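This report concerns only the one structure given below.
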Amino acid sequence: MTALLAVSGIRKVFGGLTALDGVSFSLAAGQILGLVGPNGSGKSTLLNVLSGIYTPEAGEVHLAGQSLRGRAPHQIATAGLARSFQNQQLFAGLSVVENVLVGRACRLRAGVLASIFATPRFRREEAAARQQAEDLLALVGLGWAVGASVQRLSYGQRRLLEIARALASDPKVLLLDEPCAGLSQSEANDLAHVITRLKVNGLAVIVIEHNMRFVMGLVDRIVALNFGQKIGEGTPAEIRANPAVVAAYLGGSGHAAH
Ligand code: ADP
Ligand code: MG
């Protein structure tokens, strides 16, 4: 397998607490990886390390063969790694399509002066970005809402908008932290369909989710964490049959009961 994302030996310590302890895995283009584990097992910390918010004490992350060591979050976003946060802020004063365009900002080449003077290059970029934003909204099922105010969207529709915004940066890898939180089962199904569609274009996705029905039906592979260590990796069927994973869940927070 050629790894699009290669994560090796990640260690992250907070004070006396080892939140991640030598975590390694890799991800190919077009793959969906589920990241599971009890509360506090280090899942969000791992995404924060991948996106450059935390600097690990040890370990390496390579994206398309390039080391991300020492890069700031915006540089990592430009390199092709996008994320939607557990509680991401949408801009209530902007329309739905404008919120998607915000996600494009890191790709605009024309610069601030060009935008002030509305040069032809800026206008071309702007028109192309708007078309792309509308296409992304159609992809996530929000094509009807392009010009609408964000306030008109339901909670589940806002989550889809956050994903469209993350996709506007043209990522190679998309990181989703508990995208189903607060969604109804039917909204979660819609989200699963959207994520499956992204795969076709070669996008790789890492998704943290407690909703096991969602995870098991969606992902190609699962990495299971417990107390910052990888305790299992495999297909959904392999993970379901992995005694260490089953024990961690049964002894843990009870989240697996979903
Ligand atoms: P998960 O997402 O799997 O629930 P987290 O990655 O959020 O777990 O947390 C892993 C561990 O690291 C927990 O014990 C948590 O309290 C701790 N932790 C996470 N972020 C910080 C931080 N910024 N400062 C101190 N401790 C943290
Ligand atoms: Mg978390």
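The values are calculated or read from the model by the stated rules, or taken from the named source; none is laboratory data. Quick caveat, the model's predicted, so the values are computed rather than measured. Heads up, the Cβs are rebuilt from the backbone with ideal geometry, glycines too, and the neighbour counts pull from every protein chain shown. Calculation scope for accessible area: heavy atoms of the full protein, side chains included, ligands and nucleic acids excluded. Shrake-Rupley method; radii C 1.70, N 1.55, O 1.52, S 1.80 Å.
Odds and ends about this structure:
- Failed condition for LEU176, given (1) within 16 Å of ligand 1 (Cβ to nearest atom); (2) over 20 Å from the mean Cα position of the chain (by Cα); (3) at pLDDT 90 or above: (2)
- Any hit, the range 77-95, residues being crowded, with 21+ Cβ neighbours inside 10 Å and more than 13 Å from the chain's Cα centre (by Cα): no
- Residue in the range 1-16 that is surrounded by fewer than 15 Cβ atoms within 10 Å (Cβ to Cβ) and closer than 16 Å to LEU203 by Cα present: yes
- Selection within the range 192-225 - open to solvent by 10 Å² or more (accessible area, probe 1.4 Å) and more than 16 Å from LEU174 (Cα to Cα): HIS210, ASN211, MET212, ARG213, PHE214, MET216, GLY217
- Residues that are closer than 22 Å to LEU81 by Cβ and open to solvent by 10 Å² or more (accessible area, probe 1.4 Å), drawn from the range 26-41: SER26, ALA28, ALA29, GLY30, GLN31
- Among residues that are out of contact with any Cys (no Cβ under 8 Å at 6 or more places or on another chain) and without any contact (Cβ under 8 Å) to a residue 24 or more places away in the chain, GLN31 is not included.
- Every residue from the range 24-47 that is within 15 Å of GLU60 (Cα to Cα), in contact with a Leu (Cβ under 6 Å, 6 or more places away or on another chain) and more than 14 Å from ligand 2 (Cβ to nearest atom): LEU27
- Residue pairs meeting the criteria (Cβ under 8 Å; at least 6 apart or on separate chains; first closer than 9 Å to ALA164 by Cβ, in the range 128-140; second of a type in the set (D, E, K, R)): ALA133/ARG104; LEU139/ARG197
- Residues of the range 29-49 classified as within 16 Å of LYS230 (Cα to Cα) and more than 12 Å from ligand 1 (Cβ to nearest atom), total: 2
- Within the range 55-98, tally of residues that are within 13 Å of ligand 2 (Cβ to nearest atom) and assigned to a loop (DSSP other than H, G, I, E, B): 3
- Total residues in the range 1-28, condition more than 16 Å from ligand 1 (Cβ to nearest atom) and either at pLDDT 95 or above or among the aromatic types (Phe, Trp, Tyr) (or both): 9
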